[in-house]
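I have placed the structure first, in the form of structure tokens, so that the comments after it can refer back to it.
The values are calculated or read from the model by the stated rules, or taken from the named source; none is laboratory data. Since we're looking at a predicted model, the values are computed, not measured. Virtual Cβ from ideal backbone geometry, glycine too; neighbours counted across all protein chains shown. These accessible areas exclude ligands, DNA and RNA; they are computed on the full protein's heavy atoms, side chains included. Shrake-Rupley method; radii C 1.70, N 1.55, O 1.52, S 1.80 Å.
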There are 2 protein chains.
Amino acid sequence: MSVEIKLPTEKAVQLSHGGGGKEMNNLIKSIFFKAFANPILASEEDAAVLNLDGPTAFTTDSFTVSPLFFAGGDIGKLAVAGTVNDLAMMGAEPQYLSCSFIIEEGFAIASLKQIVASMASELHKSGTRVVCGDTKVVPKGCADGLFINTSGVGRILKPHISVNHLQPGDAIIVSGDIGRHGAAILMAREGLNLESDLRSDCANLWPVVEQLIAANITIHAMRDATRGGLAAVLNEWAQASKVGISVAESQIPVSDEVKGLCELYGFEPHDLANEGTFILAVPQTIASGVVEIINRYGDSQTAAIIGQVEDNHHGKVILTTPWGSTRYLDLPQGELLPRIC
Amino acid sequence: MSVEIKLPTEKAVQLSHGGGGKEMNNLIKSIFFKAFANPILASEEDAAVLNLDGPTAFTTDSFTVSPLFFAGGDIGKLAVAGTVNDLAMMGAEPQYLSCSFIIEEGFAIASLKQIVASMASELHKSGTRVVCGDTKVVPKGCADGLFINTSGVGRILKPHISVNHLQPGDAIIVSGDIGRHGAAILMAREGLNLESDLRSDCANLWPVVEQLIAANITIHAMRDATRGGLAAVLNEWAQASKVGISVAESQIPVSDEVKGLCELYGFEPHDLANEGTFILAVPQTIASGVVEIINRYGDSQTAAIIGQVEDNHHGKVILTTPWGSTRYLDLPQGELLPRIC
């Protein structure tokens, strides 16, 4: 057993904060209950009691991002936006989240408070509530600072959005310029300050998805391009729907900052992670209307039609380069940037 | 960035297994999808689509237990039983779980498979399905082997079980002898082999709770006595329901092995964690019938009435010792056994 170091309660998390006794009660009530205040959480039962009705989406994500703070966000913002976005991508209103912390002994209480405040502010953007939680503290060296799991449930307002529903003729739309989250993490990790305008795209997608649902748009598939980036989403779609997808490299929006970092490190923007950028497959006829809605209500104003679904090259993604040549865009391999989310 | 060590895929988890690309797909499909096989999980959407109706319980737990394998269970069994039990304690049928892994680079694939098989076997006991998941891999040294988060949802079959519903006159029942999980972890950690019959009580409580619900028993409160043990549950109840609870030490079932370890290490059995033992508050008149049902359908056959709820000493738990003296039984303080669950 490790020897417990008695740090002042108000400065660092101690093992006793995860012990199930007085200290844990104090931590939970003074930080988590205060930031996430709502009657369901306050009931302190073994499980939250929800009233759900009909088709419901359920998802989970653990966040291990390093560093915990980066340009455009932190692990708290990411943990809320990530799970909210997974629900939104299924056409579901993000109603309720669970929130589970694994904290390394000695973690600064001030940082924990800052991260929790960031979660609360992100929850506010979509009216989502944290209704249950869990806190574990592990001895120094057994985790790297802080890991957060959020799981979420929400009512499906727009059913039948699915990786299996792409249809030949569909337009492929990207909601904004790609690769910013991966590039921002790379920048933070390498201590680069050259590209000062580069920020993660980390954002809550429910507000813009809510507008698409309100406009009664036909959506065949919708997915946020997180780990594996644009390349992973398109490959999964092509395989699941047994279609080909062709995209034009020149149409894919990429910021100059992301382009610069990619050149420097030998990455491809379409392999980099995003945390507030999503891809849609919609009927060609409504595609420009969809781009317009996303640019009006989203964060980036750079949404674009980048390609279409085809009835050949089933299971494959074909990239047309700016020079007119074509090649397969593969699922990324290896691990270029660990702990991106 | 850490340098990636290329271990053979079939022997150890690599960073690329968490990268969102080909290797992650392989790991997920060959291990997780195979063990947890069900159509909802296989759909591979951003979120599982469930049909829920009416009052639903929702809960989360992260598991960081050390060591990962112990007498009577492992982190996988614990991760399923723990969340299933939190749902069962709310009178809810444990229907759907999410499952999220944080794996340290280099973790043995064989151990991962063993843990996942143990999860699958535990799921089977309550008919619960894993319907969504997440896999993160962190570089060597950034986590201690494996952490698992499970969140769960389930239909509430018996509403109004609550920490707030204890009533003066209620009997307090414990479902079996206490402290076995904490003692088993202590034993595993200290490398003790003296007490060879001692095993964690880690168990799925849904089968016995289902029998209580089928018998239409009135249950005012019900909670599994995990971290903080019996002492934590009784104190939380006394405070939440604004009642006093008196228990007789001589009536609390404790095995000789747990007693022996407690004497050796200076612990109290009522402070030790349990993972398959629960406490109930029920009307006095039906208490012996409840004990009978638990002993018939539960694992331990040592359920007992240990005390009652009183209309004095509000917010306090009074323990009567075998010598007839009384003292307050407090909420545990400090952290005697970190990483118990």
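Overview of results
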item	result
Check on B:Asp201, of a type in the set (Asp, Glu) and either modelled with pLDDT under 95 or over 26 Å from B:Leu329 (Cβ atoms) (or both)	no
Filtered residue count, the stretch A:225-241, keeping only those that are in contact with a Ser or Thr (Cβ under 9 Å, 6 or more places away or on another chain) and more than 24 Å from A:Ala81 (Cα to Cα)	2
Qualifying positions in the stretch A:325-341 - charged (D, E, K, R) and not in a strand (DSSP E or B)	A:Asp330, A:Glu335, A:Arg339
Qualifying residue in the stretch B:145-164 (condition: farther than 17 Å from A:Thr60 by Cα, in the same structural domain as B:Asp46 (by TED's automatic domain parsing) and without any contact (Cβ under 8 Å) to a residue 60 or more places away in the chain)	no
Matching residues, the stretch B:225-241, being at the interface with chain A (Cβ under 7 Å from one of its Cβ atoms) and either in contact with a Pro (Cβ under 7 Å, 6 or more places away or on another chain) or open to solvent by less than 10 Å² (accessible area, probe 1.4 Å) (or both)	B:Gly228, B:Ala232
Boolean, B:Lys259 is without any contact (Cβ under 8 Å) to a residue 24 or more places away in the chain, open to solvent by 20 Å² or more (accessible area, probe 1.4 Å) and farther than 19 Å from B:Gly91 by Cα	yes
Residue in the stretch B:262-275 that is open to solvent by 50 Å² or more (accessible area, probe 1.4 Å), within 14 Å of chain A (Cβ to nearest Cβ) and among the aliphatic types (A, V, I, L, M) present	yes
Unmet criterion (only one of (1) farther than 23 Å from B:Gly141 by Cα; (2) open to solvent by 10 Å² or more (accessible area, probe 1.4 Å); (3) at pLDDT 95 or above) for A:Asp144	(1)
Residue list for the stretch B:296-324, filter: in a loop (DSSP other than H, G, I, E, B) and either assigned by TED's automatic domain parsing to the domain that holds B:Ala79 or of a type in the set (Lys, Arg) (or both)	B:Lys316
The stretch A:262-309: number of residues that are of a type in the set (Val, Ile, Thr) and within 18 Å of the chain's Cα centre (by Cα)	3
Total residues in the stretch B:276-288, condition open to solvent by 10 Å² or more (accessible area, probe 1.4 Å) and in a helix (DSSP H, G or I)	4
Pair list, Cβ under 7 Å, 6 or more apart: the stretch B:55-71 residue at the interface with another protein chain (Cβ under 7 Å from one of its Cβ atoms), other residue open to solvent by 10 Å² or more (accessible area, probe 1.4 Å) and hydroxyl-bearing (Ser, Thr, Tyr)	B:Phe58/A:Tyr96
Residues within the stretch B:116-132 that are farther than 17 Å from B:Leu205 by Cβ and surrounded by 23 or more Cβ atoms within 10 Å (Cβ to Cβ), tallied	3
Every residue from the stretch B:91-101 that is of a type outside the set (S, T, N, Q) and open to solvent by 10 Å² or more (accessible area, probe 1.4 Å)	B:Glu93, B:Tyr96
Every residue from the stretch A:289-336 that is at pLDDT below 95 and buried (at least 17 other Cβ atoms within 10 Å of the Cβ)	A:Gly298, A:Asp299, A:Ser300, A:Leu331, A:Pro332, A:Glu335, A:Leu336
